[in-house]
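First the structure, in the form of structure tokens, and then the observations on it.
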Amino acid sequence: MRTIAVVNQKGGCGKTITSINLSAFLAREQRRVLLVDMDPQGHATLGLLTDAVHPSRTMYEVFVEEPGEQLTTLRDVIRTVRENLDVAPADILLSGVPEALAGQIGREDILSDAFASLSDDYDYVIVDCPPNVGLLTFNALKACSEAIVPVDPSFFALHGIGKLLETFDVLAKETGHQIAVRALVTLYSGRTAFAKAVADDIRHHLYGRHFDTVIRYSVKLAEAASHGVPIAHYSKYCVGFEDYQALAVEVLQQEAAMSSNEYVAIEGNAIPESAEAYCAEPSAPEVTSRGVMFTIEARHAAQVQLMGDFNDWNLDGSEMEPVDGIWTKVVNLPPGRYRYRYIVDGRWQSDPLNGAVEPSPYGGLDSILVVEEQLAG
């Protein structure tokens with residue numbers, strides 16, 4: 001079961017529209033999908049259930065056990081929207097959860113615990129997060145292994161996503177929970193040079209951590225939501241339909257890369273030109289004619305990145321190339337001692353084939369590489 005949080009603390013970026021329509025298109029592809037509305041505004045609920053003004057049970061009851069009331073489980077609040085698509089509704093009461101649970105031990109894990117009982121029922125759980133970083137969003141992030149960050153091409157977009165990435169880092173350092181994060185450009189209108197420039201900046205700064213699909217602005221998306229239906233069931237002849245269908249295809253390609261023994265790399269990943277990389281076997285870092293080659297076996301991974309002292313732990317240019325499940329990257333390194341780690345689908349790990357490790361100041365273990373003078377590339 002893939003768990004994906006759709007999150008951005010900035011409102012008006014297409015977060016809920018993305019949650020609704022990605023869920024619907026995945027359901028059309030015969031995936032069993034649950035959309036969990038964690039926003040007290042309840043817009044995802046309203047966008048799927050026309051009778052959702054006063055849902056009988058909501059996510060509030062899952063979090064807060066009222067005195068004298070029987071415990072409400074996540075299954076108790078789920079409602080079927082259509083074939084393969086269910087929703088766990090929300091309303092304004094959800095905003096009272098942080099106060100109601102103040103000081104309660106384990107309150108950050110309530111959603112994770114609720115999801116644990118659903119693994120056999122759904123292929124995807126999509127969580128529409130509130131437009132802020134608080135207890136509800138923290139619950140969602142701890143319960144999910146992936147996150148989609150919708151980003152509109154505005155002046156404040158990059159600043160906002162930078163703050164959100166800091167939140168992911170804090171979560172990882174404090175809990176050890178890693179999330180594979182990808183940005184999604186939304187509300188795009190190519191009619192202005194400014195929008196094009198901002199979208200290009202987003203793709204540049206988040207290289208390797210964004211979807212190729214761009215969601216163009218479409219009034220039909222808002223119309224569909226106002227009628228309580230996804231765009232897939234409202235209008236097939238608009239850019240909104242085309243774009244969210246394309247997004248679902250990208251998500252499914254990641255699914256194939258992660259879970260299929262026959263499909264180990266997302267379509268479009270280039271075969272490395274180097275024969276060294278093509279013939280590589282997983283090993284500790286090795287010196288080649290072009291520099292130090294890092295290799296790791298991750299046959300079901302959709303993305304593997306190499307981070308270390310040599311690139312200032314920067315994501316830019318950190319992507320490794322896959323060949324038959326073996327991921328490689330060659331780095332030209334001067335003599336010295338370097339700490340490094342791999343990121344496999346958003347999860348940090350030390351090199352399993354390098355026994356030289358030391359504790360990281362941020363938790364876990366860093367692998368250690370020493371490049372000798374005579375071996376410098």
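Under a point spin-label approximation (7 Å from Cα along Cα-to-Cβ), what is the residue 372-residue 66 distance to one decimal in nm?
7.3
Give me 237, 124 ranked fewest to most by other Cβ atoms within 10 Å of their Cβ, as a rough exposure proxy.
237, 124
Which peptide among 365-373, 217-225, 1-9 comes first, and what is the full order, when sorted by highest mean count of other Cβ atoms within 10 Å?
The most tightly packed comes first, giving 1-9, 217-225, 365-373.
Which chymotrypsin sites (Phe, Trp or Tyr not before Pro) does the range 309-376 hold that lie in a coil by DSSP with at most 16 other beta carbons within 10 Å?
Qualifying residues, ordered by number: 313, 362.
Which order, highest average first, do 113-122, 238-247 follow once you tally other Cβ atoms within 10 Å for each residue and take the mean per peptide?
238-247, 113-122
Which distance in nm do the two modelled labels at residue 117 and residue 163 give, with both placed 7 Å along the Cα-to-Cβ direction?
3.6
Please give, to one decimal in nm, the separation of the simple spin-label points placed at residue 107 and residue 212, each 7 Å out from Cα toward the Cβ.
4.4
Report ³J(HN,Hα) in whole Hz for each residue of the range 328-339, in order, from the Karplus equation J = 6.51 cos²θ - 1.76 cosθ + 1.60 where θ = phi - 60°; Gly and Pro get x.
Result, ordered by residue: 9, 7, 9, 10, 7, 10, x, x, x, 10, 10, 9 Hz.
Based on the Cα gyration tensor of the range 275-375, what are the three equivalent ellipsoid semi-axes, each the root of five times an eigenvalue, rounded to whole Å and given largest first?
Taking √(5λ) for each Cα gyration eigenvalue gives 19, 18, 12 Å.
Over 21 Å between Cα atoms: which of 10/236; 196/329; 142/163 fall into that group?
Violating the 21 Å limit, Cα to Cα: 10/236; 196/329.
Can you tell me the length gained on complete extension of the stretch residue 349 to residue 83, counting 0.36 nm per residue apart and subtracting the Cα distance?
Between residue 349 and residue 83, full extension yields an extra 91.9 nm.
Estimate the FRET efficiency between residue 223 and residue 73 by the formula 1/(1 + (r/R0)^6), using the beta-carbon distance for r and 51 Å for R0, to the nearest 0.05.
With a Förster radius of 51 Å, E is 0.90.
Any idea what % of Cα-Cα pairs in the range 2-259 are farther than 25 Å?
Distances greater than 25 Å cover 40 percent of the Cα pairs.
No value in this document is a laboratory result; all are computed from the given coordinates. Remember, it's a predicted structure, so these values are computed and weren't measured experimentally. FYI the Cβ positions are ideal-geometry reconstructions off the backbone, even for glycines, and counts take in every protein chain you see.
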